[in-house]
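Some notes on the structure that comes next.
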Amino acid sequence: MAAQTLPLNAYETTEAIVLVAPMPAVQPEDVTITVESGTVRIAAECRTEAPKDYLLHEWHYGPYERTFELPNDFGFAGGDASLGNGQLAVRVLRGEPGDAADGTIEVVAAGGRS
């Protein structure tokens, strides 16, 4: 199955850009977040859903994927992410403009470390 595009909300604070996306049926260890050349990539592989004889089947259990372009004047200085109640929240911390650092952001369970 092709990856589903995640709907995404994004807003900017003085310290970071925050991305929020729904991710039903996903565990923190199933999510990968990378930042490369000013692009944030969120990807998740879902565990296999149990086969069912659906009467109605309007949504699927991933995989999910989404990219987000950071503003040109936004340097990447790390970040953090949490997943809880089917919602992923990612903070991409602001670095100095021109910083082109690449990296990954670890996802933890909301309310604690995984």
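Each value in this text was obtained by applying a stated rule to the coordinates, not by laboratory testing. Nothing here was measured: the structure is a model prediction, and the numbers come from that model. Every residue, glycine among them, receives a Cβ derived from its backbone with ideal geometry; neighbour counts consider all protein chains shown.
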Quiz item: Of all the residues that make up the range 11-24, how many are aliphatic (A, V, I, L, M) and either without any contact (Cβ under 8 Å) to a residue 40 or more places away in the chain or touching a Ser or Thr at 6+ places or on another chain (Cβ under 7 Å) (or both)?
Solution: 0
Practice problem: Mind counting the residues in the range 70-106 that are of a type outside the set (A, V, I, L, M, F, W, C) and within 18 Å of A43 (Cα to Cα)? | Solution: 13
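Return the residues of the range 31-82 that are outside any strand (DSSP E or B), of a type in the set (G, A, S) and either surrounded by 15 or more Cβ atoms within 10 Å (Cβ to Cβ) or touching a residue at least 12 places away in the same chain (Cβ under 8 Å) (or both); say none if nothing qualifies.
S37, G38, G62
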Exercise. Hey, can you tell me all the residues within the range 55-69 that are closer than 15 Å to A25 by Cβ and more than 24 Å from the chain's Cα centre (by Cα)?
Key: H57
Quiz item: So which residues in the range 83-93 are part of a loop (DSSP other than H, G, I, E, B) and of a type outside the set (G, A, S)?
Solution: N85
